[in-house]
1. Using just the helices of the chain, give the 222 nm mean residue ellipticity in deg cm²/dmol: DSSP H runs with n ≥ 4 each add -39,500 (n - 2.57), and the total is spread over all residues, rounded to 500.
2. Take the Cα pairs of the chain, get the Kirkwood Rh, then feed it into Stokes-Einstein at 20 °C and 1.002 mPa s and tell me D in µm²/s.
3. Not counting the cut sites, what is the longest span of the chain without GluC sites (Glu not before Pro) that DSSP labels loop and that have at most 16 other Cβ atoms within 10 Å?
4. In whole Hz, with x marking every Gly and Pro, tabulate ³J(HN,Hα) for the range 114-121 from phi via Karplus 6.51 cos²θ - 1.76 cosθ + 1.60, θ = phi - 60°.
5. Cα to Cα, under 13 Å, and not fewer than 8 places away if on the same chain: which aspartates and glutamates meet these conditions relative to LYS318?
6. Which net charge results when you count Lys and Arg as +1 and Asp and Glu as -1 among the other residues whose beta-carbon is under 12 Å from that of SER351?
7. Sort 114-123, 301-310 by the packing proxy (mean of other Cβ within 10 Å over each peptide's residues), most packed first.
8. Considering only Cα-Cα distances, which of the following residue pairs are longer than 22 Å: LYS169/LYS227; LYS87/LYS198; LYS198/LYS271?
Amino acid sequence: MKHPLPYFLNKKIRCLSMRIIKLFLPEAKKEHDGIPKDQIKKILLVRANFRIGNVILATPSIIIFRENFPHATLDFAGYPVSGLLYKHLPVNQHYSITRSFPGVLWAYFFLLYKIRSVKYDLAVDVSCSQSTISSCIVGFSGARFRVGARGKWDRWFNIAIQRPAETNKYKALSLFLRNMGMDTHQTLPQLILSPEEKETGRRKLTTLIGGNQVRIIGVFVGGRRLKGKKWPEGNFVKLIIALRAQEIPVVVFFGPDEKRRMGFFEQSLGKDIPLVFEPSLRAFASLVSHCTLFITCDSGPMHMACALGVRTLALFLKRNFNRWGPPSTIAQILYCSEGIEIEDVMKAAVSELCNASSA
């Protein structure tokens with residue numbers, strides 16, 4: 001699959017910019033005395049990633065920094081999607097980073113100008129040096145202490161922190177911040193909805209299923225096909241039909257990449273099973289928040305459901321669940337090297353609903 005020209009140009013421009021910056025930005029002199037917490041009044045956290053899952057997985061950094069610095073100004077720099085998802089989290093200001101062409105040509109210069117004018121005491125790359133853009137923004141931030149994990153881009157930090165041995169995305173960030181000297185605990189990602197958002201989602205879901213129901217299963221039929229994360233559509237159809245045969249209300253969710261396949265699902269499932277395409281991320285989340293169980297492949301909505309506290313059945317088609325899989329306290333992971341069977345998903349779903357009813 002070929003990417004459109006603007007995407008190609010955007011990627012090439014960013015790569016070229018990083019090479020130029022590497023040539024002209026000298027390696028920072030490393031500090032060895034740690035971070036004097038009593039001197040930190042202005043903090044900038046950076047996670048430049050447009051993937052919903054990665055944005056949600058960065059939320060523990062906001063919670064932990066707010067706990068450690070309750071009176072400091074806490075700002076965040078990320079793509080616009082993080083501004084949407086971090087609403088109601090304790091962030092004072094959000095800087096949006098564009099990735100679209102041609103805005104990318106001048107956006108970073110304007111962004112860095114604004115950031116440097118604030119004169120931050122501390123800037124932290126909370127991607128653990130997985131993002132070149134994040135490391136660059138921290139390096140150019142002008143902050144007194146510029147912190148990130150040791151790795152390919154640590155030349156731009158004056159404090160390089162040991163990268164934790166833990167690779168699971170739900171655990172590694174808290175451990176990294178502990179290595180920084182933060183007081184931490186195992187903090188799960190959070191997505192906070194207002195009472196009004198939750199009520200709007202409840203009303204819409206009630207309308208979709210035709211009345212109040214004690215238990216509802218949400219099924220997200222998407223996944224990144226190019227990454228081998230997408231369960232076959234035919235399997236989803238058979239699973240949904242089997243759940244409805246057990247008289248379990250099901251709502252089928254679609255993202256922008258799956259919207260064009262709604263006709264196939266409507267034809268395969270009939271008009272009695274509601275299909276939902278909701279382009280607003282927060283409205284989408286408000287609907288998911290009222291599901292008793294959410295079934296999904298490894299995807300952004302998987303992390304969203306977990307961050308909302310919705311019990312999740314996560315279908316992993318590749319053996320990368322040790323890295324991306326949610327903990328068992330909030331999700332059940334299904335994986336089989338020979339492929340996930342419909343019967344296994346059905347059995348797990350019914351078991352989860354029984355556990356929810358008895359809780």
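Read the figures in this text as sums done on the coordinates, not as results from a lab. Worth saying up front: this structure is predicted, and the values here are computed from it rather than measured. Note that each Cβ is placed from the backbone with ideal geometry, even for glycine, and that neighbours are counted across all protein chains shown.
1. Numbers: 14 runs with 147 residues, N = 359.
Calculated at 222 nm, the ellipticity per residue is -12000 deg cm²/dmol.
2. Numbers: Rh = 21.8 Å.
Roughly 98 µm²/s, to the nearest whole number.
3. On the way: sites that count: GLU27, GLU31, GLU166, GLU247, GLU338, GLU341.
The answer is 32-165.
4. Each residue of the range 114-121 in turn: 5, 5, 5, 5, 6, 6, 5, 7 Hz.
5. ASP298, GLU338
6. 0
7. Working: 114-123: 18.0, 301-310: 24.5.
My ranking of the peptides, most packed first, is 301-310, 114-123.
8. Violating the 22 Å Cα-Cα cut-off are LYS198/LYS271.
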